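The structure appears right after this line, and notes come after that.
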Amino acid sequence: MKICIINGPNLNLLGKREPEVYGSLTFEEYFTSLQIKFPSIAFSYYQSNIEGELINKIQEFGFDYDGIILNAGAYTHTSVGIGDAVKAVTTPVIEVHISNTYSRESFRHQSYISGNAKGVILGFGLNSYELAVQSFLIS
C-alpha cells in the first residue's frame, strides 16, 4: 500500500508554532513514528506553503497511490483549486486537521475540500494522521 501525506502552509513549523495547539513534535519526527508503526505501508511526504505546488502533488499522486492524507492548512478554507484537484483525482483523499477547526475562528468552519474527500478527521492532534492511515486499512 502506498500513502502520501501532503501538508500545506505553516505545517513546516510544527514543534515551534503554537505548541499548545499543535504539540511539540516536528512533523518529520511524527512521520518517522508512522513509518515505524506501519512498516508495510510505503509512505511519501510533501509539504509546501505554496497553493499551486500542493495542487501539483495531488495530481502527481492522485492516480497511482492507494491514499492521500491532506492537511491543506489555511488553504482548506480558501482554495477552490485544491478542492477541485481532490475532486479530479481517483485516489481517495482523507482531509485531516490537527486542531478542531470548529472550535476556532468561524472562517475555519468552511472547507473547500471536505465535499470532495473520502472523509474528514480533525481535532485529534497529530493522531489525526494515524486515524487517516487506519481508515485506508479498513476500507
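Against the test of being open to solvent by 70 Å² or more (accessible area, probe 1.4 Å) and of a type outside the set (A, V, I, L, M), the options Glu18, Glu51 yield a single qualifying residue, Glu18. Only one of the numbered conditions (1) under 16 Å from the mean Cα position of the chain (by Cα); (2) open to solvent by less than 50 Å² (accessible area, probe 1.4 Å); (3) free of Cβ contacts under 8 Å to residues at least 60 places away in the same chain is not met by Leu11, and that is (3).
Taking each residue of the range 78-94 that is more than 15 Å from Glu53 (Cα to Cα) and in contact (Cβ under 8 Å) with a residue 40 or more places away in the chain and looking for partners that are open to solvent by 10 Å² or more (accessible area, probe 1.4 Å) and among the basic types (Lys, Arg) with beta-carbon atoms closer than 6 Å, six or more apart or interchain, yields Pro92/Lys118; Ile94/Lys118.
When restricted to residues that are out of contact with any strand residue (DSSP E or B) (no Cβ under 7 Å at 6 or more places or on another chain), closer than 19 Å to Gly123 by Cβ and not charged (D, E, K, R), the range 16-36 contains 7. Among the numbered conditions (1) surrounded by fewer than 16 Cβ atoms within 10 Å (Cβ to Cβ); (2) touching a residue at least 40 places away in the same chain (Cβ under 8 Å); (3) more than 14 Å from the chain's Cα centre (by Cα), the only one that Asn56 does not meet is (2). Can you name the condition, by its number, that Tyr112 falls short on among (1) in contact (Cβ under 8 Å) with a residue 40 or more places away in the chain; (2) open to solvent by 60 Å² or more (accessible area, probe 1.4 Å)? In the conditions (1) in contact (Cβ under 8 Å) with a residue 40 or more places away in the chain; (2) open to solvent by 60 Å² or more (accessible area, probe 1.4 Å), Tyr112 misses (1) alone. The residue pairs whose first member lies in the range 16-36 and is on the phi < 0 side of the Ramachandran plot and among the charged types (D, E, K, R), whose second member is part of a helix (DSSP H, G or I) and open to solvent by less than 60 Å² (accessible area, probe 1.4 Å), and whose beta carbons are closer than 7 Å, counting only pairs six or more residues apart or on different chains, do not exist in this structure.
Close Cβ contacts (under 6 Å, 6 or more residues apart or on different chains) running from residues in the range 118-139 that are part of a strand (DSSP E or B) and polar (S, T, N, Q) to residues that are open to solvent by less than 70 Å² (accessible area, probe 1.4 Å) and modelled with pLDDT under 95 are absent.
The values are calculated or read from the model by the stated rules, or taken from the named source; none is laboratory data. The structure presented is a predicted model; accordingly, all values stated were derived computationally and were not measured. Neighbour counts run over all protein chains shown; Cβ positions are idealised from the backbone, glycine included. Ligands, DNA and RNA are stripped out before the accessible areas are found, and what is left, the full protein with its side chains, is counted by its heavy atoms. Shrake-Rupley method; radii C 1.70, N 1.55, O 1.52, S 1.80 Å.
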